[in-house]
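Participant: Pasting a structure below so you can have a look.
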Amino acid sequence: MNSIETLEKLDACAEAVDWAKQHGGNPEELWRDCARGDWLLWAAVRAGGSQRLVARATCAIVRPALAHMPADESRPRKAIESIEALLRGEVTIEDVKAAADAAHAASRYTDGAAYHAASAAYYAADAVIDIACGADASDATAYVASHAAVAAVVTDALAEPANIVRAHIPWSTITKLLEKVK
């Protein structure tokens, strides 16, 4: 199966498929060259990436965006910390749900990059909740990366979410996941 067929089988958006067609190259080159962290994270989830793998990547994407939060607003950071604590077995999914709700509330009282940082934290927790409950978390994880990317625009670090995804989910892992898709 070629890159385009794989993307179509994963039900990728038309924009991603069009980019892949224009870019050409093999799947590894597409993974290496894609500047869209939301697409990479979405693909990792759709290909069957584990909860731990996806959760670690989402937390790593959101952490830099948290720098845009006002000093007195800790709810988005606490949402990310709750995900990390869940991965260590220190809290329950209910704790993550509560932290996600708090991060969502924080997003309603901020704007600009802070809004996107808080939203990214909310969607990170929401994605982990979806994965833990057996739901498809590909949309929530894509929102994580896209909100983090918008926050990153403020610091001219737009490609950073994609680089973070690749650092946490290397091509060798994606290759193994894609073998199961075929």
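Participant: Could you please find all residues in the range 1-45 being among the hydrophobic types (A, V, I, L, M, F, W, C) and more than 22 Å from E160 (Cα to Cα)?
Facilitator: Of all residues in the range 1-45, those among the hydrophobic types (A, V, I, L, M, F, W, C) come to 1, 4, 7, 10, 12-14, 16-17, 19-20, 30-31, 34-35, 39-45.
Within the range 1-45, M1, I4, L7, L10, A14 qualify.
Participant: Just wondering, is there one or more residues in the range 115-134 that are modelled with pLDDT under 80 and either exposed (fewer than 14 other Cβ atoms within 10 Å of the Cβ) or within 19 Å of M69 (Cβ to Cβ) (or both)?
Facilitator: yes
Participant: Related question: Could you check how many residues of the range 93-114 are touching a helix residue (DSSP H, G or I) at 6+ places or on another chain (Cβ under 7 Å), part of a helix (DSSP H, G or I) and under 18 Å from A67 (Cβ atoms)?
Facilitator: Number satisfying all stated conditions: 5.
Participant: Count, please, the residues in the range 98-109 that happen to be surrounded by fewer than 19 Cβ atoms within 10 Å (Cβ to Cβ) and touching a Ser or Thr at 6+ places or on another chain (Cβ under 9 Å). Before you say what the answer is, go through the steps one by one.
Facilitator: Within the range 98-109, the first condition is being surrounded by fewer than 19 Cβ atoms within 10 Å (Cβ to Cβ), and the residues that meet it are 98, 101, 105, 108-109.
Then keep just the ones that are touching a Ser or Thr at 6+ places or on another chain (Cβ under 9 Å); that gives 98.
Selection size over the range 98-109: 1.
Participant: Does R88 satisfy being in contact with a Leu (Cβ under 9 Å, 6 or more places away or on another chain) and surrounded by fewer than 21 Cβ atoms within 10 Å (Cβ to Cβ)? Break it down stepwise before answering.
Facilitator: Numbers: in contact with a Leu (Cβ under 9 Å, 6 or more places away or on another chain): no; surrounded by fewer than 21 Cβ atoms within 10 Å (Cβ to Cβ): yes.
Against the criterion (in contact with a Leu (Cβ under 9 Å, 6 or more places away or on another chain) and surrounded by fewer than 21 Cβ atoms within 10 Å (Cβ to Cβ)), R88 does not qualify.
Participant: Modelled with pLDDT of 85 or more, closer than 17 Å to A106 by Cα and part of a loop (DSSP other than H, G, I, E, B) - does that describe any residue in the range 59-70?
Facilitator: yes
Participant: Now a separate question. Going by the conditions given, is R32 more than 15 Å from the chain's Cα centre (by Cα) and touching a residue at least 12 places away in the same chain (Cβ under 8 Å)? Steps first, answer last, please.
Facilitator: Numbers: more than 15 Å from the chain's Cα centre (by Cα): yes; touching a residue at least 12 places away in the same chain (Cβ under 8 Å): yes.
Judged against the criteria, R32 is a match.
Participant: Separate question: For the range 140-172, which residues satisfy the criterion of being over 15 Å from A55 (Cα atoms), in contact with a helix residue (DSSP H, G or I) (Cβ under 7 Å, 6 or more places away or on another chain) and modelled with pLDDT of 90 or more?
Facilitator: W171
Participant: Taking the range 1-52 as the search range and keeping residues that are not in a helix (DSSP H, G or I) and not small (G, A, S), which one is modelled with the highest pLDDT?
Facilitator: Of the residues in the range 1-52, the ones not in a helix (DSSP H, G or I) are 1-2, 10-13, 24-26, 34-36, 47-50.
So of that shortlist, the ones also not small (G, A, S) come out as 1-2, 10-11, 13, 26, 34, 36.
Working: M1: 64, N2: 80, L10: 85, D11: 85, C13: 85, N26: 86, C34: 91, R36: 84.
Ranking the candidates gives C34 first.
The values are calculated or read from the model by the stated rules, or taken from the named source; none is laboratory data. In this text the structure is predicted, and so the values were computed from the model without any measurement. Cβ: placed from backbone, ideal geometry, glycine included. Neighbour counts: every protein chain shown.
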